[in-house]
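J.: Let me give you the structure first, and then I'll get to my questions.
Every number in this text was worked out from the coordinates using simple rules, so none of it is lab data. Bear in mind the structure is a predicted one, so any value in this text is a computation, not a measurement. Cβ coordinates were reconstructed from backbone atoms using ideal geometry, including for glycine residues, and neighbour counts include every protein chain displayed.
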Amino acid sequence: MNEIITSLHSNMGYVVLAALALAILNAFWGVFSKRPFGARDLRIALFALIFSHIQLLIGLITYFSSNYFSAWENGMGSVMGNRNIRLYLVEHPTTNILAIVLITMGWSLHKKAADSRKKFLRIAVFYTVGTLLLLSRIPWDAWPRS
Ligand code: HEM
């Protein structure tokens with residue numbers, strides 16, 4: 001069961017990062033081309049948001065079913081004292097939750113913006129910062145799996 005959840009979380013990682021990359025490129029293209037924000041732009045940004053939220057839920061389940069989770073039994077010191085365990089149990093989850101909060105803020109703020117340029121800009125900025133945070137705490141030693 002644990003292996004199925006982790007592998008789902010691992011594979012969804014590609015989908016989320018690809019959807020975010022597409023949404024960011026599309027938003028910057030919108031900013032620089034000065035074209036109107038249309039239904040396709042909304043859909044691209046919305047799909048990236050939805051995939052991020054699905055990954056957040058799968059991440060929460062992964063957290064409690066992961067083999068790393070039992071490290072908490074030995075106390076805070078043993079979790080924080082091991083670089084790898086600290087990454088999986090503290091840094092990766094907290095940074096990624098913050099990243100998804102920022103992506104969600106970008107989505108909400110784009111809806112409040114009156115003109116197309118502002119809509120594109122808010123998605124571009126918030127999705128980019130969120131994605132950089134995600135990339136900063138991916139366990140690159142273990143992913144992509146060989
Ligand atoms: C968009 C957000 C996220 C992305 C892109 C992401 C991506 C990844 C990736 C690529 C791995 C490595 C999987 C592997 O070893 O093959 C991983 C592992 C893990 N993630 Fe996430 N993650 C996200 C959010 C979260 C959240 C919010 C949590 C917890 C609340 C979480 C908990 C974990 C845990 C515990 C592992 C280690 C699983 C194990 O090997 O036992 N992730 N994540």
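J.: About its Cα centre, how strong a charge dipole does region 62-127 have in debye, to the nearest 20, once Lys and Arg get +1 and Asp and Glu get -1 at the Cβ? Walk me through the numbers on the way to the answer.
T.: Numbers: 8 positive and 3 negative charges, 111 e Å.
Roughly 540 debye for region 62-127.
J.: What number in nm² do you get for region 2-136 if you take the convex hull of its Cα atoms and divide its surface by four? The partial results should precede the final answer.
T.: Working: hull surface 33.1 nm².
That works out to 8.3 nm².
J.: So how strong a dipole does the chain carry about its Cα centre when Lys and Arg Cβ are +1 and Asp and Glu Cβ are -1, to the nearest 20 debye? Intermediate values should be presented prior to the final figure.
T.: Working: 14 positive and 6 negative charges, 177 e Å.
Dipole about the Cα centre, nearest 20: 860 debye.
J.: Identify, among Asn74, Val90, Leu25, the residue whose Cα sits farthest towards the positive end of the charge dipole of the chain, taking +1 on the Cβ of Lys and Arg and -1 on the Cβ of Asp and Glu, with the dipole about the Cα centre.
T.: It is Leu25.
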